[in-house]
Amino acid sequence: MNLVGQIVLILCILGAVLFFAKEIRLRYRLVKLGAKGPQRWDRPVERLGYAVGRVGAQICSIKDRPLVGIMHAFIFYGFIFFAVATINHVTRAFAPEFSLWGHGLFNNLWFLGVDIIAILTSIGAVFLFVRRYIFKPEPITKPWPFSRSPQSAIVLGFIFGLMVTYLLNQGADMILTGKSFAAWMPFSHAASTLLTGMSIPSLQIWNAVFWWAHILMVLGFLVLIPHSKHLHLIAGPINIFFRTREPDGTLQKIDFENTEEFGVTNVNQFQWKNIMDFFSCVDCGRCQDVCPAYASDKPLSPKVVMMSMRKHILHEADHLISGQDVSEPVMDKWQTPDEIWACTTCGACMETCPVKNEHIQTIIELRRGQMMMENKFPQELEPAFRGLETNSNPWNLGMSERATWTEGLDVPIMTEKGEAEYLWFVGCSGSFDDRGKNISHAMAKILNAAGVDYAILGTEEKCCGDPARRAGNEYLFQMMAEENVATFKQHKFKKILTSCPHCYQVIKNEYSQFEGEFEVVHHTELIAGLLDQGKIKLSPNGDGKMTFHDSCYLGRYNDIYEAPRKIMKAMSNGNLAEMVHSKNKSFCCGGGGARMFMEESIGTRINHLRVEEAEQVGAETIGVACPFCLTMLDDGVKEKGIEASLQVKDIAQLVAEQLV
Amino acid sequence: MKIAVCLKQVPDTEANIKIASDQKSIDESAIKFIVNPYDEYAIEEALKLKESQGAESVIAITLGPDRAKDALRTAVAMGVDDVVLLKTSANSSDALSAAKSLAAKIKETGAEMILLGKEAIDDGSMQVGPMLSELLNIPCITVVTKLEVNGSSVKAEREIEGGVEVLQTTMPCIITCQKGLNEPRFPSIRGVMMAKKKQISEEAVELDDAKLAVSSLSYPQSRSEGKIVGEGTEAVPELIRLLREEAKVI
């Protein structure tokens, strides 16, 4: 290449790299400016291994969308190869004979690899283009206007163009240099056949055009990356490295003593990791695909939360970098109350997210800001908050009545018994709600039949605080948590038994934030154990088909999938069906995230959708393992008027009925 | 303008009330206390008046034992500026002596608008408002469901049997508040945290001129359990028979 060309090339590269660096630095500074949070440098080797494995093997992309994931993997490996190939490409402008790998066998193998990858990447790009712009699948094209940008068309065009220009450039080179590399570069060779018959001078011109087009597209791509969702190339793997190592959905504690701002009302109050999440979002819509709120026509889509916050923070970038106040709060322009309060915290979004975003923490931070700083929240929550404050239960029923469900039953109280292996934390539903009390009655029967050494707290028990925490009332939650931890510490027991997965999650994974480390067992785990040990025996009655509905807080949050299934199998004579959404892909009942205490007035009802899934598999019984699920699904069945053919019961109830 | 709110701390509506061994008072050991719900309407109305009329301040006054400070903290959390506890050493059911202590304090504050609930849900005597009126020699409108203040003129609607009565007066005056007057606000968390740190001033009062005393408390007669006579139309004759012969209502 002549000197002018070389100078133009260097200027282009410098310009693109500087622009890229400037834009990346801005985003890096925005992340660094985020509020402090856990630094997440613990176990760096394990984190690195996980991130490399996840990204390197493309599990992130393939696991929930195999075909799309494989196409994505082609492009991913294309990037890896072409990142190196581009060095060769550029150096040829200065030293035409130079090759990174010399000129031996390895070099030949390398070029063979690049040739194959170029074709696979082209296939991937065409596939994804056709999928996005012809088949228009909902998760990547809705809701408008977030997911209709032409960026993807440009990027996919670039990727395809990069491959084509590479092959044509190599093909032209083969003809011009007379070196046939057909064996090692079959596809470049095929490209060269397209150019045969061309005169040498025009071939030389075309060769230069291909070469320049290739490098300019590489540089154009570099310029585009920071501005688009394709930033995930950089942010995604880093975000996976910094993923939370706690169970998904475990919320962070607010230190009320040392902060004046609780939650997020302005975008600058987000923690650095939240901001990393915003920049990592790929707009792939996997989260939207599995979101129960979105499926039931609520205005919430987890990816939109991420993308909207990204847009917002970039909009405020000048203010933030120069240390000024933000120009506007997050609500109601960048997020609306209907969006943030629609979340059931079911965690399906986090489970599927290929870049390990933590949507729930972001949504709860916004709820916290609304609830604690602005005193704005759905009105229906007010009685629940008052109830928790005054009577330590969300229904505001008299706290002295907490143990009246035990009347006529032989249920020991901790203060009277003194010591027990299991402290049974009955929970508010189990103590006050009629359907919940049925679970408690069944559980007491099972525990007594199996001779389990247990006791309850009686009127000493207070709500675990889950509804308050998920509704953004962290202050109230901390009051309940501290009081319960103090009560637990006054008693002698080995493990805490809970019937409610929400109590389970909070006591097991969140009370540790209040110096309360306890071994917690859910009643499905205990019952499965009792069956194994032969301490209880069942006589399956009837042969109606059963199905099991995974509670989000038991399954996705705490990975308890097998214990309840083991019991269900034992009870159903093997006539157990799995619904279309089950285990880690289970579909929420609609009651999590304090939604249990709010009206569901927008769109369709989540519990109806779930009940329909049970109908589809012909189930006559839905087994549940959570009092909220019991209420929501039982309501769903009754609202649909199908209670004659479909019953909803907690596993404990079903076991108690079959006890011999 | 200064606004005073008199409030009382009462047992929670859901509390399981047990009579103490002296048969004259209730066992407070397992009881959660709250702000008398009717007084919450008074607090809310005071805060709304402050916002709309630009009142100088709202002071909440309560008379009761040390635990009544919690009720004052709730008032602070809702937005009341100042609070004072008139601390008593013993429980009293003598409304007049309580009203005298409150009246003295109200006079000291110089409040021109005095708001309180129409009654306290614990003893339900409905006396303190009218008594304050007499003691302070200012008008009192009771059981108010709508209040309009314009300068010093006051217009209030009150529920009467089968209708609404509209009354007019000028400040200073006393208003006792009825459900429907407003929707009491939920204390903000920041308010709650501020209230926690608030120093609550207290003044000891003696109610030694009380001329009323409780002689005894007893439980209401327990109601007999409900009965399910059957289902559908077949049950109707039996239901009618029971209503006629046992309940004697038809």
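The values are calculated or read from the model by the stated rules, or taken from the named source; none is laboratory data. These numbers were taken from a predicted model, which means no experiment stands behind them. Neighbour counts run over all protein chains shown; Cβ positions are idealised from the backbone, glycine included. For the accessible areas, the whole protein counts, side chains as well, though only heavy atoms, and no ligand, DNA or RNA atoms are used. Shrake-Rupley method; radii C 1.70, N 1.55, O 1.52, S 1.80 Å.
Run lengths n ≥ 4 of DSSP H only: what is the helix-derived mean residue ellipticity at 222 nm for the protein assembly as shown, with -39500 (n - 2.57) per run over all residues, to the nearest 500?
Numbers: 36 runs with 419 residues, N = 910.
One gets -14000 deg cm²/dmol as the mean residue ellipticity at 222 nm.
Unpartnered cysteines of chain A (Cβ-Cβ under 4.7 Å counts as a partner)?
Unpaired cysteines in chain A: A:12, A:60, A:281, A:284, A:291, A:343, A:353, A:428, A:463.
Could you list, in their original order, any pairs among A:462/A:585; B:48/B:146; A:494/A:585; B:2/B:32 whose Cα atoms are separated by more than 24 Å? Present the calculation step by step, with values, prior to reporting the outcome.
Details: A:462/A:585 32 Å; B:48/B:146 12 Å; A:494/A:585 33 Å; B:2/B:32 31 Å.
Beyond 24 Å between Cα atoms: A:462/A:585; A:494/A:585; B:2/B:32.
In whole percent, and with a 1.4 Å probe on the protein chains, what portion of the accessible area of segment A:251-301 is carbon and sulfur? Write down the numbers at each step before the final one.
Values: 670 of 1660 Å².
So the carbon and sulfur contribution to the accessible surface is 40 percent.
Hey, got a sec? Which chymotrypsin sites (Phe, Trp or Tyr not before Pro) in segment A:79-112 land in a DSSP loop and have at most 16 other Cβ atoms within 10 Å?
Numbers: sites: A:79, A:81, A:82, A:94, A:98, A:101, A:106, A:110, A:111; in loops: A:94, A:98, A:101.
Passing sites in segment A:79-112 are A:94, A:98, A:101.
Calculate, for segment A:258-373, the solvent-accessible area per residue in square angstrom, rolling a 1.4 angstrom probe over the heavy atoms of the protein chains. Don't skip to the answer; put the middle values down first.
On the way: 3260 Å² over 116 residues.
Per residue, segment A:258-373 has 28 Å² of solvent-accessible surface.
Just by accessible area at a 1.4 angstrom probe, what is the order of A:17, B:249, A:624 from largest to smallest?
Values: A:17 65, B:249 105, A:624 0 Å².
Descending order: B:249, A:17, A:624.
How large is the Kirkwood hydrodynamic radius of segment A:382-531, in angstrom, based on all distinct alpha carbon pairs? Present the calculation step by step, with values, prior to reporting the outcome.
Working: mean 1/r = 0.0656 Å⁻¹.
After inverting the mean inverse Cα-Cα distance, the result is 15.2 Å.
Percent relative contact order of segment B:2-204, based on C-alpha pairs within less than 8 angstrom and at least six residues apart?
On the way: 433 pairs, mean separation 53.3, N = 203.
Relative CO of segment B:2-204 lands at 26 percent.
When the accessible area of segment A:387-458 is split by element with a 1.4 Å probe, what percent falls to carbon and sulfur?
Details: 1080 of 2530 Å².
Heavy-atom surface of segment A:387-458 belonging to carbon and sulfur, 1.4 Å probe: 43 percent.
When averaged across all projection directions, what area in nm² does the alpha-carbon convex hull of segment A:264-313 cover? If you can, show how the numbers build up before the last one.
Numbers: hull surface 14.6 nm².
Over every viewing direction, the Cα hull of segment A:264-313 projects on average to 3.6 nm².
Per residue of A:369-376, how many C-beta atoms from partner chains lie within 10 Å of its own C-beta, taken as a mean? Spell out each step's value before the answer.
On the way: counts 0, 0, 3, 5, 3, 3, 7, 1.
Mean inter-chain Cβ contacts per residue within 10 Å come to 3.
Chains A and B: what accessible area do they bury, summed, in square angstrom to the nearest 100, with a 1.4 Å probe? Could the numbers behind the result be given before it?
Numbers: alone 27280 and 14590 Å², together 40210 Å².
Interface between A and B: roughly 1700 Å².
For segment A:218-250 and segment A:387-421, compute the distance between their C-alpha centroids and round to whole Å.
The two parts, judged by their Cα centres, are 49 Å apart.
Which whole-Hz ³J(HN,Hα) couplings does segment A:300-312 yield from phi under the Karplus relation 6.51 cos²θ - 1.76 cosθ + 1.60, θ = phi - 60°, glycine and proline marked x?
Here the 3J(HN,Hα) series is 9, 9, x, 5, 5, 4, 4, 6, 5, 5, 4, 4, 4 Hz.
If amide H atoms are built 1.01 Å from N in the plane of the peptide, which residues on other chains or at least 5 residues away come under 5 Å of the amide H of residue A:35?
Sorted by chain and number, the residues that satisfy this are A:270, A:271, A:272.
Relative contact order, percent, of segment A:536-658 when contacts are C-alpha pairs under 8 Å separated by at least 6 residues?
Working: 189 pairs, mean separation 38.6, N = 123.
Normalised by residue count, the contact order of segment A:536-658 is 31 percent.
To the nearest 10 degrees, how steep is helix A:523-532 against the longest Cα principal axis of chain A, on a 0 to 90 scale?
Helix A:523-532 and the main axis of chain A meet at about 80 degrees.
Kindly rank A:325-338, B:7-20, B:170-183 from highest to lowest mean number of other beta carbons found within 10 Å of each residue. Don't skip to the end; give the middle numbers.
Working: A:325-338: 16.1, B:7-20: 18.4, B:170-183: 20.4.
Listed from highest to lowest mean packing, they are B:170-183, B:7-20, A:325-338.
What are the ³J(HN,Hα) couplings of segment A:200-216, residue after residue, when phi is run through the Karplus curve with 6.51, -1.76, 1.60 and θ = phi - 60°? Round to Hz, x for glycine and proline.
After applying 6.51 cos²θ - 1.76 cosθ + 1.60, I find 4, x, 5, 5, 4, 5, 4, 4, 5, 4, 4, 4, 5, 4, 4, 5, 5 Hz.
Report, in debye and to the nearest 20, how large the dipole of segment B:2-204 comes out about its Cα centre when Lys and Arg carry +1 and Asp and Glu carry -1 on their Cβ.
Numbers: 24 positive and 30 negative charges, 115 e Å.
So the dipole magnitude of segment B:2-204 works out to roughly 560 debye.
Residues of segment B:186-225 losing 50 Å² or more of accessible area relative to the isolated chain, 1.4 Å probe, heavy atoms only?
Buried on complex formation: B:186, B:189, B:190, B:193.
With springs only between Cα atoms under 10 Å apart, run a GNM on chain B and tell me which of B:165, B:234, B:45 wobbles the most.
In this elastic network of chain B, the residue with the biggest mean-square fluctuation among B:165, B:234, B:45 is B:234.
So how tilted is helix A:232-241 from the main axis of chain A? Cα-based, degrees 0 to 90, rounded to 10.
Around 40 degrees separate the two axes.
Which order do peptides A:459-471, A:641-653 fall in by mean Cβ count within 10 Å, highest first? Walk me through the intermediate numbers first.
Details: A:459-471: 26.2, A:641-653: 19.2.
Final packing ranking: A:459-471, A:641-653.
Residue by residue through segment B:99-104, which ³J(HN,Hα) values in whole Hz follow from phi under the Karplus form 6.51 cos²θ - 1.76 cosθ + 1.60 (θ = phi - 60°), with glycine and proline marked x?
Along segment B:99-104, the couplings run 4, 4, 5, 5, 4, 4 Hz.
Among A:236-243, B:115-122, A:7-14, what's the highest-first ranking by average C-beta atoms within 10 angstrom per residue?
B:115-122, A:236-243, A:7-14
Could you tell me the relative contact order of chain A? Use alpha-carbon pairs under 8 Å, at least six residues apart, and round to a whole percent.
Values: 1027 pairs, mean separation 78.1, N = 660.
Relative contact order for chain A comes out at 12 percent.
For segment A:488-509 and segment A:69-93, what is the centre-to-centre distance using only Cα atoms, to the nearest Å?
53
Per residue, how much space in cubic angstrom lies within the convex hull of the C-alpha atoms of segment A:258-373?
Details: hull volume 11.8 nm³, N = 116.
So the per-residue hull volume is 102 Å³.
Could you list, bin by bin from short to long, the percent of Cα-Cα pairs of chain A in 20 Å steps?
Answer for chain A: a P(r) of 17, 43, 26, 12, 2, 0 percent.
Mind listing the long-range amide H neighbours of residue A:554? Cut-off is under 5 Å, sequence gap 5 or more, other chains count too, H placed in the peptide plane at 1.01 Å from N.
Long-range HN contacts for residue A:554: none found.
Taking H as built 1.01 Å from N, whose amide H comes closer than 5 Å to the amide H of residue A:650, not counting residues under 5 places away?
Excluding prolines and chain starts, which carry no amide H, the hits are A:624.
May I ask for the distance between the Cα centers of segment B:186-250 and segment A:602-648, given as a whole number of Å?
Their Cα centres are 37 Å away from one another.
Need the per-residue list for segment B:1-33: every residue with at least 30 Å² less accessible surface in the complex of protein chains than in the chain by itself, probe 1.4 Å, sorted by number.
Buried by the other chains: B:12, B:14, B:16, B:32.
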